[in-house]
Amino acid sequence: MFYKYQMIKNTKDLSSDTRINGLFNCHAVFSSRINFNDPLDSKIVFVEPTVSEIKEFVNEIGKQNLNLRYEFESYYNGNNFTAKGLTFIADYEIHLNKFFDEEYFFYCVSKNDTSNLMWSHYGNSHYGFCIEFKDSSFRDIDKVIYKDKSPSLKMIDCLRAEFKGKGFNIACNINENELWESVRTKYDEWVYEEEYRIHARDEMIENAIEKNDKFLKIKYNSENIESIIFGLRMPEKVKKYIIDNIPYDVKFKQSTLTDNGFINIDYET
């Protein structure tokens, strides 16, 4: 099973609470990394190219596009970058970050349904709820990679990949899997989350209900939900509101305190 912890922000007017409405309408919110609470989450260190790497790239361009070749040749003089070349490198790093911000939207879930830290950070200190999804709900889901430093990509490899994608006969040492691995990397301190991520692709993006620069809203089938887990501190009136108004059949569970942590038990309606 996979778990999505959710907080409730508007307890005074539950009918207008975003998370509850998302639960009722089966809306999954895929976030861009610029919307993450941790600025180091999915951060990529772009390694600047050397003059020799740019020269090699120019040779690969050859006569395929002389204007492009001349442009890149203006970026260096001998073994040093020109002012124009340094500007290109700075601008290209901005371009790459913009690419990852605009092209990668994630839905983040956990494998841990009894994490006190997850309840505290994402479940409104147990006043919220957690959606329990069936394993079969997601395809192309991958585990987050936890490391002690940010991943790095060579800018020259990104450049080659970009121009190869535009039809140039250029060698490329980078692939989609490497890019996807880079943006699902977090620091070791977050390992307790046991996080998995789904990358919104193709038809998912095309069928998005709503999209902006921070998130995509995508509809899923209610049959993908195994149960709704109520937080330990959720008021009974909130539980009653969810149970009475959810428009599909689903099981309910209750997070319960034990001597050594938490367990989830069936909630008797």
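The values are calculated or read from the model by the stated rules, or taken from the named source; none is laboratory data. This structure is a prediction, so every number in the text was calculated from the model and none was measured. No Cβ is skipped: glycine too gets one built from the backbone with ideal geometry, and neighbour counts run over all protein chains shown. To get the accessible areas, we keep the full protein, side chains included, count just its heavy atoms, and leave off ligands, DNA and RNA. Shrake-Rupley method; radii C 1.70, N 1.55, O 1.52, S 1.80 Å.
Observations
- Degrees, to the nearest 10: 51-61 long Cα axis against longest axis of the chain: 80
- Close Lys-Lys pairs in the stretch 5-115, where close means Cα under 25 Å and separation is 8 or more or interchain: 7
- With each label modelled as a point 7 angstrom along the Cα→C-beta vector, the Tyr146-Asp38 pair spans 0.9 nm.
- With helices as the sole contributors, the chain gives -9500 deg cm²/dmol at 222 nm; each DSSP H run of n ≥ 4 counts as -39500 (n - 2.57), and the sum is divided by every residue.
- Per-atom-type breakdown for the chain gives carbon and sulfur 47% of the accessible area (1.4 Å probe, protein chains only).
- When the square roots of the Cα gyration tensor eigenvalues are ordered a ≥ b ≥ c, the ratio a/c for the stretch 225-269 is 1.5 or more and a/b does not exceed b/c, which makes its shape oblate.
- For the pair Lys12 and Lys214 in one chain, pulling the backbone fully straight at 0.36 nm per residue adds 70.1 nm over the alpha carbon distance.
- Principal-axis tilt of helix 83-103 within the chain, Cα atoms, nearest 10 degrees: 30
- Rg/Rh for the stretch 33-156 (Cα atoms only, Rh after Kirkwood) is 1.17.
- Global geometry of the stretch 173-228, whether rounded, prolate or oblate, following the gyration tensor of its Cα atoms and the 1.5 cut on a/c: oblate
- For the stretch 162-241, the solvent-accessible area with a 1.4 angstrom probe is 56 square angstrom per residue.
- At q = 0.19, 0.20, 0.25 Å⁻¹, base-10 log of I(q)/I(0) for the stretch 186-269 (Debye sum, equal scatterers on each alpha carbon): -1.08, -1.09, -1.14
- Rounded to two decimals, the Cα-based Rg/Rh of the chain, with Kirkwood Rh, is 1.10.
- For the residue pairs Lys186/Lys211; Lys164/Lys211; Lys4/Lys239; Lys211/Lys239, the alpha carbons lie more than 19 Å apart in Lys186/Lys211; Lys164/Lys211; Lys211/Lys239.
- Think of the stretch 5-72 as having a plus end and a minus end, set by charges on the Cβ of Lys, Arg, Asp and Glu; of Asn21, Pro49, Asn65, Asn21 sits farthest toward the positive end of this dipole.
- Nearest 10 degrees, 0 to 90: helix 155-164 Cα axis against the chain principal axis: 90
- Placing a label point 7 Å from the Cα of Tyr248 along the Cα-to-Cβ direction, the residues of the stretch 125-151 with a backbone N closer than 17 Å are 130-139.
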